[in-house]
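The values are calculated or read from the model by the stated rules, or taken from the named source; none is laboratory data. Everything numeric in this text was worked out from a predicted model, so none of it was measured. Counting neighbours? That spans all protein chains shown, and the Cβs are built from the backbone with ideal geometry, glycine included. Quick note on the areas: whole protein, heavy atoms, side chains included, nothing else; ligands and nucleic acids left out. Shrake-Rupley method; radii C 1.70, N 1.55, O 1.52, S 1.80 Å.
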Amino acid sequence: MNIIKALALGGCVALTTGCVDKTSITHIGDAENILFTTDGRLIVSGGDNIYQVTGSNGNYSKRALYLNNDGHEIECNFTGIAQKDNWVISSCVETKWVIFTNNHLVAANLDDQNIQFKRITPNTNDPYDSLFLPNGIAFGPSGDLLVADYNMFSASGIAKVELDFSGDLPNVVSVEKDFVGINHGISSPNGVRVDGDYLFVSDGNAVKRFQFDEAGNVPTHIEKNGLTEANETLVWQGGLATIVDDIMPYCGGVALTSFLGGKIIYVEREVDSQGNESFHELTDTGALAFSSPSSLAVGQPPLFSGYQVLVTEKGLLQETGSDFGNRLSAMEMPFDLNSDNACNIVSSLDD
């Protein structure tokens, strides 16, 4: 029996077109990104602060993590989140008088029970301000932080930020713009994910994959089967009106959020008997299942299980109060995405 038909006997099956079983977890204004830390804490970024979400059995709450010395929230438009060892790093943009922006990197130590983010970029001559809009972030294999420099008005790339973790707080050593850039085929990166030796990037209406070399760099060309070829693999591409926000490598393929389409798509990777790989769209949630989805993550214990995928729904940009988007949601799945057999189940969806 086809696995989709078998699972459908139990009711609505998520990630099959037009059928989504989701639950609202908590309000997050301009919800943007998700991180489950290695010790099971859930961190979610939004348009005015970054939060830890706690709770169980449908009763969840949030706690703001970026505060001043008096304990009041500091408003900042938070984007990407990443973890290295016991440090969680995030990026935010502070806006004054509409057009003046100030980019920050902030960090929180997981050794603290009640974590709180503190700014780690300098107040003056901040190299992080050289970026137009720091968005998705991820740590590369060399330990450097990779930052998508999102720019809707001109070509931009992925920056590399070297951090020193030897002090009480991480320290920014250097910022290299366009570590991966237009010469690699990148023009408007939004999300970045690192999966082994691969760098996945959402770039406008497409998802692209690049390969790291042994030094943790991303060359423009690589040797493959005795031939030199461009170090760029097009994993998926939508129409001109498509904007791909976040991406999540999974089982060799990638799940992506279609921001304008309001849906989540899973793209499967296949390898033939000759070792040639190809990608194809396996399934999606159907259009407008979500209000401008901006990120996703597989549920992690103790807060959630692998039978749930968490999704941030952004809604209207810079509007943080309404019930249109502005939330963290959980989408129910028909099988445990954390199980050892999950990838076999995914590959059988074509049968």
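Before moving on, here are some points about what is shown:
- Residues that are closer than 15 Å to Gly80 by Cβ and surrounded by fewer than 20 Cβ atoms within 10 Å (Cβ to Cβ), drawn from the stretch 37-65: Thr37
- For the stretch 283-300, the condition holds for at least one residue, the condition being that it is crowded, with 23+ Cβ neighbours inside 10 Å and free of Cβ contacts under 8 Å to residues at least 60 places away in the same chain.
- Enumeration of residues in the stretch 185-226 that are farther than 16 Å from Gln237 by Cβ, open to solvent by less than 20 Å² (accessible area, probe 1.4 Å) and in contact with a Phe, Trp or Tyr (Cβ under 9 Å, 6 or more places away or on another chain): Val192, Leu199, Phe212, Val218
Results for (1) without any contact (Cβ under 8 Å) to a residue 60 or more places away in the chain; (2) within 16 Å of Asp246 (Cα to Cα); (3) open to solvent by 20 Å² or more (accessible area, probe 1.4 Å), shown as yes or no for each residue.
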residue: Tyr307; (1), (2), (3): yes, no, yes
residue: Thr312; (1), (2), (3): no, yes, no
residue: Leu316; (1), (2), (3): yes, no, yes
residue: Gly321; (1), (2), (3): no, no, yes
residue: Leu328; (1), (2), (3): no, yes, no
residue: Asp340; (1), (2), (3): yes, no, yes
residue: Ile345; (1), (2), (3): no, no, yes
residue: Asp350; (1), (2), (3): no, no, yes
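- If the condition is being open to solvent by less than 80 Å² (accessible area, probe 1.4 Å) and under 16 Å from Tyr198 (Cα atoms), then the stretch 230-245 contributes Ala230, Asn231, Glu232, Thr233, Val235, Trp236.
- The strands (runs of 3 or more DSSP E) falling completely within the stretch 138-232 that include 1 or more residues that are aromatic (Phe, Trp, Tyr) map to 171-180, 198-203, 206-211.
- Residue match in the stretch 146-157 (condition: open to solvent by less than 60 Å² (accessible area, probe 1.4 Å), of a type in the set (A, V, I, L, M, F, W, C) and out of contact with any strand residue (DSSP E or B) (no Cβ under 6 Å at 6 or more places or on another chain)): no
- Test for Ser278: is it in a strand (DSSP E or B) and farther than 23 Å from Asn33 by Cβ: yes
- Residue match in the stretch 258-265 (condition: out of contact with any Cys (no Cβ under 9 Å at 6 or more places or on another chain), without any contact (Cβ under 8 Å) to a residue 24 or more places away in the chain and open to solvent by less than 50 Å² (accessible area, probe 1.4 Å)): no
- Between Asn102, Asn123, the distinction of being surrounded by fewer than 17 Cβ atoms within 10 Å (Cβ to Cβ), under 20 Å from Glu176 (Cα atoms) and out of contact with any strand residue (DSSP E or B) (no Cβ under 8 Å at 6 or more places or on another chain) belongs to Asn123 only.
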